[in-house]
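Every number in this text was worked out from the coordinates using simple rules, so none of it is lab data. What you see is a predicted model, and the numbers here were worked out from it, not measured in a lab. Virtual Cβ from ideal backbone geometry, glycine too; neighbours counted across all protein chains shown.
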Amino acid sequence: MTSKIITYDLRKPGRNYNSLYEAIKSYPYWAHITESTWLIKTNDTCSQIKDALLRKMDYNDRLFVAELTGAVAWHNTIYDDEYVKKNL
């Protein structure tokens with residue numbers, strides 16, 4: 001499994017995006033890093049993740065998925081730092 005970063009802009013005000021969040025949480029390992037950034041660990045490709053998440057988003061939302069190479073640094077994230085270090 002490799003670590004991926006998912007970031008998005010949800011552009012439609014007032015929309016409930018719980019189905020998007022649940023789709024992200026369906027991956028074996030996940031962490032909600034900032035308001036619109038998540039880390040996941042999976043065997044799926046970036047394109048597979050993009051296709052799955054786009055089904056939960058509006059046509060004008062923005063989505064970016066990338067594989068992490070191992071180098072990472074962060075400050076003051078939402079999710080527990082120790083969990084991120086251990087699992088992603």
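The table below gives the values:
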| quantity | calculated |
| --- | --- |
| Helix-derived mean residue ellipticity, 222 nm - over the chain, DSSP H n ≥ 4, -39500 (n - 2.57), to 500 | -7500 deg cm²/dmol |
| The stretch 2-87 - percent relative contact order, Cα under 8 Å, separation 6 or more | 43 percent |
| Where a label projected 7 Å from the Cα of residue 55 along Cα→Cβ would reach, residues of the stretch 3-37 with amide N under 18 Å | 17-28 |
| 14 Å beta-carbon shell around residue 16, net charge (K/R +1, D/E -1) | 0 |
| Full-stretch length increase - residue 62, residue 26 - with 0.36 nm per residue and alpha-carbon distance subtracted | 10.9 nm |
| Relative counts (whole %) of C-alpha pair distances in the stretch 2-87, using bins that are 10 Å wide | 16, 54, 27, 3 |
| Contour minus Cα-Cα distance for residue 73 and residue 12 (0.36 nm per residue) | 18.9 nm |
| Order of 9, 61 - criterion: other Cβ atoms within 10 Å of each residue's Cβ, fewest first | 9, 61 |
